[in-house]
Amino acid sequence: MSREVYERLVEEFPETSLEYLEGKDPAISVKADDLFEVARHLKEKQGYDYLSAVTGVDYPDRFEVIYHLYSMKEGPGPLILKVSASKEEPEVPSLVSLWPGANFQEREVYDLMGIRFAGHPDLKRILLWEGYEGHPLRKDFPIEGYQTIGQEESS
Amino acid sequence: MQTVETRLRTETITLNMGPQHPSTHGVFRMIITLDGETIVDLEPVMGYLHRCQEKIGERNTYLQNIPYTDRLDYICSMSNNLAYVMAVEKLAQIEVPERAEYIRIIMVELTRIVNHAVAIGALLNDLGCFFTPMLYALEERERILDLFEMASGSRMMCNYMRFGGVRYDLPPGFMPELKSVVAALPAFIDEFERLLTDNEIMRIRCQGVGILPPDVAVGYSCTGPLLRASGVDYDIRKVDSYSIYDRFDFDVPLGTNYDVYDRYLVRIEEMRQSVRILEQAIEQIPEGEVSVKLPRVFKPPEGDVYHRIESPKGELGFYLVSDGSTNPYRYKIRSPTFINLTVLPELCKGHKVADVVAILGSIDIVLGEVDR
């Protein structure tokens, strides 16, 4: 499933560097700069109309954003896109304009993992409050300690 | 000639609903911008129940996470268990004995009936029909919770499923009790429906309210009864036919008007279909083992998997990254109601404040799962 789509993508985008990742769930690795165009092609031409999940993972050398795409008509298998982002300034393009359902999910990844989504209409924290320091799902976030909150805020 | 300005100058006002509001089923806040009585904009504010379960999940071992999944959507603990253990089974390639598969199906389909009954009861509560329908729902739920207690020792936080099976085999006396509960369910659903479906107030409050067209529902990643009430034939039990769902004969009910009333009808019909699955499962369930032996220190191989199930509220998925150690490297919960809420502002625009309550009730949220 993913293999065929990958080959079609390589034909469609000969310039971009796509990579096929073997695994229990095969995935396609995409560069952040090409993500939007690849995603738009998948949605408009290949029928992947349903974006199921947006996940951020903090690996020792990089951040990774993972998109699980499904097609409502075609049938089962997920198509998984993996995008790497740098450790210092993690940023990937937002897909909200393609799938509005990505809105809260991208905000959640930003909130908990600290990955910015360029072009998101309203990128702010969703589960934690404005003014919270740090991003708890990052591996370097301390799991013990105190943070003083609500000092300056009156409302 | 002098012209007279006849139009009133109006302003929008901002109304804060929640976080402590009876319609929100927990602590959930909506900032509503109103033009007169009409909603111009709505912003959901959540996170009041946030426990950072995903971080806790990375600290826990794989086994320790199972009771935590109970506490996501605390009405459907069995479904949450199933989604998580199936993800780990996919990661570690564990085969599940036949009997355990059937026990799991029985438990999750009972959960679906509990969830939909409670969801409808809560919707009616929100509409102002205080606790009469809810008590009808809870009465039936009690009998099902008794079954959960017999099997797992707990009524709500079941913590029943394990990697490669379930914790205990069904106790003696379970099957006769299950048969009597399942035999009584169609009458309960009929009665429930007889009281509600043609109820005039129910119809006036629900029909034509919160219309969600199919393309919008798909674009907003809606799943579960919300999606199927919008006429999209997408049930993960059919699409992925995970576990042993391919052995059962059941239909996927779809809505035709895409409104709150259709979501109610879809839930009623899904309860009927669950009864059908239960009847078939009771007939087919074999004898045998209910679990496989796993090493005491459980270390799945490296890799990442995503597994999703059709939980009563929608697509519940777990994305796990393993680095070969005893703890997950990443433990992500794709919670259905959190993502279903993305469409809430779209659904509410143009309606009145009173309709927000009905629309929110029809999405069927549980804040334990929204906030995680």
>> Charges at C-beta only: +1 for Lys and Arg, -1 for Asp and Glu. How large is the resulting dipole of chain B about its Cα centre, in Debye rounded to 20?
In response: 1000 debye
> Assigning unit charges at the beta carbon (Lys, Arg +1; Asp, Glu -1) and nothing else, what dipole magnitude in debye, to the nearest 20, does segment B:45-160 show about its Cα centre?
Replying inline: 300 debye
>> Between A:GLU12 and A:TYR59, what is the label-point separation in nm under the 7 Å Cα-to-beta-carbon projection?
In response: 2.4 nm
> When Rg is the radius of gyration of the Cα atoms in segment A:18-75 and Rh is its Kirkwood radius, what does Rg/Rh come to?
Replying inline: 0.97
> With contacts defined as alpha carbon pairs under 8 Å and 6 or more residues apart, what's the relative contact order of segment B:278-370 in percent?
Replying inline: 20 percent
> In segment B:165-290, what is the volume of the convex hull around the alpha carbon atoms, normalised per residue and reported in Å³?
Replying inline: 132 Å³
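Would you mind getting me the FRET efficiency between B:LYS179 and A:GLU74? Use the beta-carbon distance for r and R0 = 51 Å, nearest 0.05.
0.80
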> Given N residues in the protein assembly as shown, what is Rg(Cα) / (2.2 N^0.38 Å)?
Replying inline: 0.98
> In nanometres, what is the gap between the two model label sites at B:ASN257 and B:MET156, each 7 Å from Cα along Cα-to-Cβ?
Replying inline: 3.4 nm
> Lysine pairs in chain B 8 or more apart or on different chains: how many have alpha carbons under 22 angstrom apart?
Replying inline: 10
> How much solvent-accessible surface does A:LYS24 expose, in Å² to the nearest 10, with a 1.4 Å probe and all protein chains in place?
Replying inline: 70 Å²
> Got the relative contact order for segment B:134-280 handy, in percent, Cα pairs under 8 Å and 6 or more residues apart?
Replying inline: 21 percent
> Along the positive direction of the dipole of the protein assembly as shown (beta-carbon charges: Lys, Arg +1; Asp, Glu -1; about the Cα centre), which of B:ILE339, B:THR197, B:GLY324 reaches farthest?
Replying inline: B:GLY324
>> Not counting ligands, DNA or RNA, and with a 1.4 Å probe, what is B:ILE113's accessible surface area in Å² rounded to the nearest 10?
In response: 0 Å²
> Residue-wise, which Karplus ³J(HN,Hα) couplings in Hz belong to segment B:117-122, taking 6.51 cos²θ - 1.76 cosθ + 1.60, θ = phi - 60°, and x for glycine or proline?
Replying inline: 4, 5, 4, 5, x, 5
> Nearest 20 debye, what's the magnitude of the dipole of chain A about its Cα centre given +1 on Lys and Arg Cβ and -1 on Asp and Glu Cβ?
Replying inline: 360 debye
> How much accessible surface area, in Å² rounded to 10, belongs to the heavy atoms of B:THR111 with a 1.4 Å probe?
Replying inline: 0 Å²
>> Run the simple label-point estimate for A:GLU44 and B:SER325 please: 7 Å along Cα→C-beta, distance reported in nm.
In response: 4.5 nm
> Once Lys and Arg get +1 and Asp and Glu get -1 on their Cβ, which of B:LEU278, B:VAL297, B:VAL370 lies farthest toward the positive end of the dipole of the protein assembly as shown?
Replying inline: B:VAL297
> In peptide A:48-58, how many Cβ atoms from other protein chains are near each Cβ within 10 Å, on average?
Replying inline: 6
> Relative contact order of segment B:1-115: what whole-number percent is it, with Cα pairs under 8 angstrom and at least 6 residues apart?
Replying inline: 14 percent
> What's the angle, to the nearest 10 degrees (0 to 90), between helix B:174-196's Cα axis and the longest principal axis of chain B?
Replying inline: 10 degrees
> Protein chains only, probe 1.4 Å: how do A:MET113, B:MET150, B:MET86 rank by accessible area, largest first?
Replying inline: B:MET150, B:MET86, A:MET113
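The values are calculated or read from the model by the stated rules, or taken from the named source; none is laboratory data. Every value quoted in this text rests on a predicted model; they were computed, and no experiment measured them. Don't worry about glycine lacking a Cβ; one is built from the backbone with ideal geometry, like all the others, and counts go over all protein chains shown. All accessible areas refer to the heavy atoms of the entire protein, side chains included, with ligands and DNA or RNA removed. Shrake-Rupley method; radii C 1.70, N 1.55, O 1.52, S 1.80 Å.
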